[in-house]
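Working notes, beginning with the structure itself.
The values are calculated or read from the model by the stated rules, or taken from the named source; none is laboratory data. This is a predicted model, so every value here is computed, not measured. In this analysis, Cβ positions are derived from the backbone assuming ideal geometry, glycine residues included, and neighbour counts consider all displayed protein chains. Remember, those area values only see protein heavy atoms, side chains included, never the ligands or the DNA or RNA. Shrake-Rupley method; radii C 1.70, N 1.55, O 1.52, S 1.80 Å.
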Amino acid sequence: MEYTRRSVLTVLGLGALGAATGCSAAPEGSQAAADGPAEGEITLLTPIFEGSTGKQLLEGKLLPAFKQKNPNVTVKVDYTTYTALNEKLTTGLAGGLMPDVVMLGVGWIPPFAHKKVLAPLPESLATRYQYEKRVLEPSRYDGKLYALPLVLDTRIVTYRKDMFAEAGITAPPKDWAELRTMAKELARTNGSGKLTRVGFDPFSIDLRQCWETFLFANDGNLFDESGQQVRFDDERGVEALQLFLDVVKDKSADFSFKSAAGQPSTLAQGRSAMMMANNSLWVQLQQQNPELLKEDKVGAFILANKVPAMLQGGTLVARSASTKHAAAAQALVEFLGTPETILPTAQQRGSVPGVQDLRTSDYVKSNGFVKLALDNMNKARSEGGTPAWMEIREKIKTTLETAVVGQRTAKEAIDELASLSKEAISRL
């Protein structure tokens with residue numbers, strides 16, 4: 001059997017096919033209790049300790065500390081990336097070889113918990129450290145806690161303070177009307193009328209996550225609380241997509257103004273005055289354009305329209321329902337969710353710590369984007385919220401792009417996405 005990105009959608013979205021391919025989800029009530037001694041060899045699947053630096057942190061520092069506390073547990077690490085994580089999990093589900101502990105993205109808990117692939121965690125872990133309520137929401141499904149937040153990755157608006165000053169703009173925009181006006185003022189063209197600097201760049205981050213941020217700032221929702229009804233197909237979702245079309249029409253944004261992977265951002269290059277960004281941009285600037293930070297030329301703010309809103313993505317850690325070493329797996333989950341583990345994990349990626357306990361750490365104080373995000377977690381909103389999310393998320397970017405490139409109107413694209421989403425939900 002060939003395992004593809006589509007395979008995980010089938011396994012998680014269609015119960016009958018999941019059973020036919022040997023999906024190893026544990027039957028309800030059969031999950032091993034985690035109250036015995038922590039012992040045995042367990043596997044950890046992780047997409048966030050990339051390269052030699054990440055491996056050295058995990059295997060050279062973090063896991064030895066875990067081993068010291070749990071001498072009878074051996075951890076075997078399976079490294080992957082978020083791009084390949086779906087396929088890894090599909091292979092494990094179909095072959096009955098699910099990792100004992102797995103790191104998942106925000107929005108992924110409902111699909112996996114719905115299929116009973118994950119085991120619930122003790123509710124007491126939710127109060128062990130200081131969590132913003134919104135940070136824990138993506139870790140829950142059907143009233144139960146299934147994961148702990150590890151590191152968060154938020155979406156904020158970054159801007160060039162020097163370009164604002166040059167244009168006589170003294171403060172970030174308060175709403176979309178001001179954003180659009182400022183974007184026009186900040187855009188620059190050459191003698192032939194070609195854009196050389198966009199006033200606003202919404203396209204250098206994933207279009208799905210960018211649109212979701214605007215949807216939330218427009219006080220919209222993806223789904224209802226049950227995860228069974230689409231809620232983004234009203235005027236709030238259409239207006240969020242329409243704004244992208246409007247700034248392109250204004251010639252203050254351009255879909256082609258995107259930086260290649262690993263290259264300096266359009267903001268750093270001076271090709272954009274405002275840019276939607278991940279908070280990890282701070283670390284990228286430190287490495288590639290440190291003078292911009294030293295000279296205080298870059299700032300950031302939380303997107304707002306009807307309400308202020310910040311998209312909260314990130315990585316959660318959970319244990320498999322089918323593990324044969326439940327106590328050992330849960331011990332690792334709890335260890336990975338401690339501030340002592342979270343802090344160096346966040347530092348290596350430029351991420352936001354998942355616990356408020358670290359707000360006063362030197363790392364948070366020294367990283368302007370991380371501090372902004374952690375101070376505004378009460379404004380954070382997350383994607384997902386339905387067991388059909390793994391199928392729906394694959395369709396969002398490609399469907400929205402049809403409007404951005406002029407093939408559909410904003411309403412037509414949103415209507416199409418809503419139709420596809422409803423079909424996915426109906427198959428649960």
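Taking the stated definitions as given, is Val73 more than 20 Å from the chain's Cα centre (by Cα) and under 26 Å from Ser280 (Cβ atoms)? It is false that Val73 is more than 20 Å from the chain's Cα centre (by Cα) and under 26 Å from Ser280 (Cβ atoms). Restricting attention to the range 199-251, and to residues there that are open to solvent by less than 50 Å² (accessible area, probe 1.4 Å) and of a type in the set (Ser, Thr, Tyr), which single residue is modelled with the highest pLDDT? By that ranking, first place goes to Thr213. The set of residues in the range 344-375 being in contact with a strand residue (DSSP E or B) (Cβ under 6 Å, 6 or more places away or on another chain) and modelled with pLDDT of 95 or more consists of Thr345, Ala346, Ser351, Val352, Phe369, Val370, Leu372, Ala373. For the condition open to solvent by 10 Å² or more (accessible area, probe 1.4 Å) and not assigned by the TED database to the domain that holds Leu292, what is the one hit in Arg349, Arg393? Every option except Arg349 fails the conditions. With respect to the stated conditions, Lys67 fails to be outside the structural domain of Phe223 (by the TED database), open to solvent by 20 Å² or more (accessible area, probe 1.4 Å) and part of a strand (DSSP E or B).
Considering the range 41-62, and only residues there that are of a type outside the set (Val, Ile, Thr) and open to solvent by less than 20 Å² (accessible area, probe 1.4 Å), the residue that is farthest from Asn86 (Cα to Cα) turns out to be Leu62. Just one residue in the set Glu235, Glu132 is within 22 Å of the chain's Cα centre (by Cα) and not polar (S, T, N, Q); that residue is Glu132.
Looking at the range 155-170, is at least one residue aliphatic (A, V, I, L, M), on the phi < 0 side of the Ramachandran plot and surrounded by fewer than 17 Cβ atoms within 10 Å (Cβ to Cβ)? Steps first, answer last, please.
The first filter runs over the range 155-170 and keeps only residues aliphatic (A, V, I, L, M), leaving 156-157, 163, 165, 167, 169.
Now narrow it down to the ones that are on the phi < 0 side of the Ramachandran plot: 156-157, 163, 165, 167, 169.
Retained after the next criterion (residues that are surrounded by fewer than 17 Cβ atoms within 10 Å (Cβ to Cβ)): 165, 167.
Within the range 155-170, one or more residues are aliphatic (A, V, I, L, M), on the phi < 0 side of the Ramachandran plot and surrounded by fewer than 17 Cβ atoms within 10 Å (Cβ to Cβ).
The single condition from (1) of a type in the set (S, T, N, Q); (2) buried (at least 18 other Cβ atoms within 10 Å of the Cβ); (3) assigned to a helix (DSSP H, G or I) that Thr181 fails is (2). Kindly list the number of the only condition in (1) modelled with pLDDT under 95; (2) in a helix (DSSP H, G or I) that fails for Thr399. Here Thr399 meets the rest and fails (1).
Determine whether Thr386 is outside any loop (DSSP other than H, G, I, E, B) and β-branched (Val, Ile, Thr). Full working, then the answer.
Details: outside any loop (DSSP other than H, G, I, E, B): no; β-branched (Val, Ile, Thr): yes.
Here the answer is no, as Thr386 does not meet what is asked.
Please specify each residue of the range 285-311 satisfying the condition of being assigned to a strand (DSSP E or B) and open to solvent by less than 40 Å² (accessible area, probe 1.4 Å). Of everything in the range 285-311, those that are assigned to a strand (DSSP E or B) and open to solvent by less than 40 Å² (accessible area, probe 1.4 Å) turn out to be Val298, Gly299, Ala300, Phe301, Ala304, Met310, Leu311.
For Val135, the criteria (1) buried (at least 18 other Cβ atoms within 10 Å of the Cβ); (2) at pLDDT 95 or above hold in every case but one, which is (2).
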